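Data first, discussion second: the structure below is written as structure tokens.
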Amino acid sequence: MGFEVFLTTFVLSLFVLNIGFGLTVMNVWFERKVSALMQDRLGANRAGLDIQLPRYLFVLKPFIFVLAKLGLINTLFCDPIKALTKEDFKPSKVSAILHNLAPFAAAFPIFLCFGFIPFGPSFEIFGVKISPYIVSTQFDLLFIFALTTVAVYGTNLAGWSSGSKFAFLGSLRASAQMISYELVLGLTFLGVILWYGTANLIEIVNAQKTYWGILSMPLGFFLMFVAGMAETKRGPFDLAESESELVAGYFTEYSGMKFLLFWFGEFAEIALLSLVLSLCFLGGWHLPFISIPETFAGFLLGHLILMSKVVFLCFIQIVIRWTLPRFRFDQLMLICWKFLLPLAIINLGLIIGIKWAWL
Amino acid sequence: MGLVIEYFLYIAILMSAIMVASSRNVLMSALGLAINTTVIGFLFILKGLTFLGIVQIAVYAGGIIVLILMTIMILSLGSKIEFTYLSLLKSLLIFLLVFLFVYYSLSSLNFNNTNFDVKDLGDLLANNYLYHLLSLGVLLNAILVSYLLISRDD
């Protein structure tokens, strides 16, 4: 491997990680402010207002004022500082290896998935062709599916290794929920692959230049959205961490940075689901009747279009989380096995039928 | 670089396999199996068999072994298993038998035909190696029975 390839991959990895972390932090901020919006509150808008700056840094004052009023100081500074400086509490008689391993096993595969996501169209700058993704294979969607299935180990091990009944019950609920909804998600992915004839995300996006995938597969979009939300273990599917029953579920016994890693994993999953939905059903970086040139300006425009769709979908997910009440566990399983799974099979049958009969 | 990664994966496969067989905690054994299947998946991907690798990770690591892990957790089998040299001898004997069986079966297979596809493989296995297939079925049944025995609540 040449040095140039290594350097390009390194820079692209930083770029992709930056977007991944950025979207994750944005979701944390959304959670804070959208929950306030839904409950008719102002939300975080004070932290950082009283900060005493030296005289020579007075130019930063208006900037900090805006950040504080938006509640961004809490998300960007307070949360990480708190997590980093908090005591790493570990209950006695727990398996230390598994207890330490679990947060990484939950968050790492999700961040790995961002490597397969194209964040805009390819472009040429100074005669060099740059593609804004780390890896592009013929099996992008399948890779993402496989890696999200592995993430279940994090929740599983966290509950087991904590030595607490609350955490254990939470992990059992999470495992059952994730395995069940993976079936629906897998069948929907299969439908998408069959419809476009490829699992490569760039080819899928380029196939939606004329009309978006949501118009041809509305049922597929609905199924992937619901099953994906259940995979993220967020409300109304947050049985695994239902605070009124299980304290905090599978990460009850975690604190500090490890706790933050679980949270980061969950919010990254929201961003990942929004990205996959935007790329597979909402045309990715395409807008109807607008052709994007292969220049740097075209990339910026395409990236902006894609990110607008992703932010909108993240917003919708947080709104749903703060609107709908939590399901009971039997209802959760009923929805999956008796409602979503038959629908997913019907969706797959419809796609096969349409492809076979008309296309 | 690729060769270094490949050898690293081989070592990881061996280490995790040893962890499966030698761990006295059933949960750690299951975890070793999960690592083993995941690393084998990575090895397939590194060797260019991408689809097979993805299926290996999604089906085995992400599906089946999670269920095994869940069963172990529900039945509280995390406690340490009693270790005896007799059990070690028995497992070594079984390993040797299975190894000889697989080695004998594979050494007689002919893969020289370059146009060899999945259908040909199915034909070959069903026509020429029927007894081997049946024996593998019996072996899998034995594994299932052993799972039942392990999970028996005394």
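The values are calculated or read from the model by the stated rules, or taken from the named source; none is laboratory data. Here the structure is a predicted model, which is why all the values come from computation and not from measurement. Using ideal geometry, Cβ is built from the backbone for each residue, glycine included, and neighbour counts are taken over all protein chains shown. To get the accessible areas, we keep the full protein, side chains included, count just its heavy atoms, and leave off ligands, DNA and RNA. Shrake-Rupley method; radii C 1.70, N 1.55, O 1.52, S 1.80 Å.
What nm value, rounded to one decimal, do you get for the distance between A:Ile51 and B:Phe8 when each label is placed 7 Å out toward the C-beta?
3.9
Can you pull the percent of Cα pairs in the protein assembly as shown with separation above 39 Å?
Of all Cα-Cα pairs in the protein assembly as shown, 33 percent lie more than 39 Å apart.
Please give, to one decimal in nm, the separation of the simple spin-label points placed at B:Leu144 and A:Ile354, each 7 Å out from Cα toward the Cβ.
Taking the simple label geometry, B:Leu144 and A:Ile354 are separated by 3.9 nm.
Leaving out same-chain residues fewer than 8 places away, which lysines sit with a Cα under 30 Å from that of A:Lys355?
A:Lys209, A:Lys309, A:Lys338, B:Lys119
Which ³J(HN,Hα) values, rounded to whole Hz and listed in residue order, are derived for the range A:297-305 from phi using the Karplus coefficients 6.51, -1.76 and 1.60 in 6.51 cos²θ - 1.76 cosθ + 1.60 with θ = phi - 60°, glycine and proline given as x?
4, x, 4, 4, 5, x, 4, 4, 4
List, largest first, the extents of the alpha carbons of the range A:140-234 along their principal axes, each in whole Å.
Here the spans come out as 54, 22, 16 Å, largest first.
Residue farthest toward the positive end of the dipole of the protein assembly as shown, with Cβ of Lys/Arg at +1 and Asp/Glu at -1: which of A:Pro288, A:Leu260, A:Leu277?
Farthest towards the positive end: A:Leu260.
Residue-wise, which Karplus ³J(HN,Hα) couplings in Hz belong to the range A:194-203, taking 6.51 cos²θ - 1.76 cosθ + 1.60, θ = phi - 60°, and x for glycine or proline?
5, 5, 8, x, 7, 10, 7, 5, 5, 5
In debye, nearest 20, what is the charge dipole magnitude of chain A about its Cα centre with +1 on Lys and Arg Cβ and -1 on Asp and Glu Cβ, if you could check?
Its charge dipole is roughly 640 debye.
Which residue, A:Tyr153, A:Asn206, A:Phe143, has the largest displacement toward the positive end of the dipole of the range A:106-226 when charges sit on each Cβ (Lys, Arg +1; Asp, Glu -1)?
Toward the positive end, the furthest listed residue is A:Tyr153.
Label B:Leu49 and A:Phe222 with points 7 Å out from Cα along Cα→Cβ: what is the distance between them in nm?
Spacing of the two 7 Å Cα→Cβ label points: 4.1 nm.
For the range A:233-315, which chymotrypsin sites (Phe, Trp or Tyr not before Pro) are both in a DSSP coil and crowded by at most 15 other Cβ atoms within 10 Å?
A:Phe289
Specify which residue in the list A:Leu14, B:Val66, A:Pro118 is farthest towards the positive end of the charge dipole of the protein assembly as shown, using unit charges on the beta carbon of Lys, Arg (+1) and Asp, Glu (-1), about the Cα centre.
Value computed over the given set: A:Leu14.
Roughly how many Å² of A:Trp195 are accessible to a 1.4 Å probe, to the nearest 10?
Around 40 Å² of this residue is reachable by solvent.
For the range A:201-359, what are the per-bin percents of Cα-Cα distances with bins 10 Å wide, up to the bin holding the maximum?
Values per bin, smallest distances first: 10, 30, 31, 20, 8, 1.
Hey, could you get me the Stokes-Einstein D for the range A:55-204, Kirkwood radius over alpha-carbon pairs, 37 °C and 0.692 mPa s, rounded to whole µm² s⁻¹?
D = 169 µm²/s.
Within 10 Å of each Cβ in A:138-146, how many Cβ atoms from other chains are there, averaged over the peptide?
Partner-chain Cβ atoms within 10 Å, mean over residues of A:138-146: 4.
What does the structure give for A:156-165 when I average, per residue, the other chain Cβ atoms found within 10 Å of the residue Cβ?
Averaged over the peptide's residues, the number is 2.
So what does A:Leu183 come to for accessible area, using a 1.4 Å probe and Å² rounded to 10?
Its accessible surface works out to 80 Å², give or take rounding.
Could you tell me the convex hull volume per residue, in Å³, taken over the Cα atoms of the range A:91-357?
Enclosed volume per residue, from the Cα hull, is 130 Å³.
If you take the beta carbon distance between B:Thr84 and A:Asp88 as r and set R0 to 30 Å, what does 1/(1 + (r/R0)^6) give as a FRET efficiency, to the nearest 0.05?
So, using R0 = 30 Å, E works out to roughly 0.15.
Between A:Leu76 and A:Ala297, what's the calculated FRET efficiency when r is the beta-carbon distance and R0 is 30 Å? Round to 0.05.
The computed FRET efficiency comes out at 0.55.
Mind checking the mean number of beta-carbon atoms from other chains within 10 Å of the Cβ atoms in A:174-184?
Counting Cβ atoms of other protein chains within 10 Å of each residue's Cβ and averaging gives 2.
Assuming R0 = 60 Å, what is the FRET efficiency of B:Phe99 and A:Phe58, from their Cβ-Cβ distance, to the nearest 0.05?
0.20
Which peptide among A:198-209, A:141-152, B:26-37 comes first, and what is the full order, when sorted by highest mean count of other Cβ atoms within 10 Å?
In descending order of packing, they fall as A:141-152, B:26-37, A:198-209.
From the phi of every residue in the range A:29-36, what ³J(HN,Hα) in whole Hz does the Karplus formula 6.51 cos²θ - 1.76 cosθ + 1.60 yield, where θ is phi - 60° and glycine or proline is x?
Per-residue couplings from phi come out as 5, 4, 4, 5, 7, 5, 4, 5 Hz.
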